[in-house]
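For reference, the structure discussed in these notes is given below.
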Amino acid sequence: MHTSGNTVFIAGATQGIGLALARRFQEAGNTVIIGGRRTEILERLAAEHGFETVTIDVTDPASIQTARDQVLAAHPELNVLVAMAGIMVAEDVTKPDFVEIAQRTVETNILGTVRLIAAFTEHLQARSESTIVTVSSGLAHTPLGITPSYNGSKAFIHLFSETIRLQLARSSVKVVELCAPAVRTELMPGGSQVEGFYPLEDYIEDTWAILSSQPDVTEVVIDRVKPLRYSEVEDRYAATVEMLNSHAH
């Protein structure tokens, strides 16, 4: 994908990776529309950064459709969708609340992403050049023991991205997957203060360097996430699982 001259909609861009990515797209000369559930935060970000905003709840199919209609009415030139949709909650399969957490994770991380893509694909196919960006995780390939549903949801996003890329291969739509490491954000409470996590600004710059230097890239795997992403194919899966979970514990 080209990294400038686009019109970009990022759902779930009021904090963390989504917001940082929105700012980086804007700095590179793109028109950026950000989405989120809380109007007061959207209004503040619009005032601070000049973003256009739309209210959206990715767990609500009607909200996605309404947001899609609003975005396309204002920006028929839209050519990049960043399907940011993610929660990460610790779970214990032996406890009664496990299923409830799993359901929320699937509704947000999987169905939220799928519904966003379904809402915009027809429009994107009509553009001469367009991109769907998905966000997975190194945990799709090497699991963290305390987040089974999150790990599984990101494994779904990885394979879903790989597969829709096959279906869209003859269209104008490219599919780019961002495989993220543990980044200093509040995806889980306190995560922005964990020194062992990768600084958010470094993750964005590493990701941007790949996107801007490799316009045909399909999966953005920065150096930091490679130990998790390739643990199985490099025959060190068991050792990496042990290392990851010992560190987490």
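Give the residues of the stretch 205-232 whose amide nitrogen is closer than 11 Å to a point set 7 Å from the Cα of residue 3 in the direction of its Cβ. Inside the label zone: 205-215.
Residues considered: 171, 161, 136. Largest GNM mean-square fluctuation over the chain, using C-alpha springs under 10 Å, is found at 171. Among 92, 216, 235, the largest mean-square fluctuation in a Gaussian network model of the chain (Cα springs under 10 Å) belongs to 235. Over the C-alpha atoms of the chain, the Rg to Rh ratio, Rh being the Kirkwood estimate, stands at 0.95. Give me the percent of DSSP beta bridges within the stretch 1-106 that run antiparallel, rounded to the nearest 5. Of all bridge pairs located within the stretch 1-106, approximately 0 percent are antiparallel. In straight Cα distance, which lysines are under 28 Å from residue 95, not counting same-chain residues fewer than 8 positions off? Those lysines meeting the cut-off are 154.
Going by neighbour counts of Cβ atoms within 10 Å, the residues 241, 99 line up, fewest first, as 99, 241.
Among 247, 2, 123, sorting on how many other beta-carbon atoms sit within 10 Å of each Cβ, with the fewest leading, yields 247, 2, 123.
This ranking places 174, 226 by how few other beta-carbon atoms lie within 10 Å of each, fewest first, which gives 226, 174. The angle between the Cα long axis of helix 200-213 and the longest principal axis of the Cα atoms of the chain comes to about 60 degrees, rounded to the nearest 10.
Shown here are the Rg and Dmax of the Cα trace of the stretch 181-249, at 13.7, 39 Å. Taking 145, 29, 16 in turn, the Gaussian network model of the chain (Cα-Cα springs below 10 Å) assigns the largest fluctuation to 29.
For an R0 of 41 angstrom, estimate the FRET efficiency from the Cβ-Cβ distance between residue 236 and residue 41 and round to the nearest 0.05. E(calc), rounded to 0.05, equals 0.50. Of all DSSP beta bridges confined to the stretch 7-248, the antiparallel ones make up roughly 0%.
Computed from the coordinates by the stated procedures, all read-outs in this text should not be read as laboratory data. Keep in mind it's a predicted model, so treat the numbers as computed, not measured. All Cβ positions, glycine included, derive from the backbone under ideal geometry; neighbour counts span all protein chains shown.
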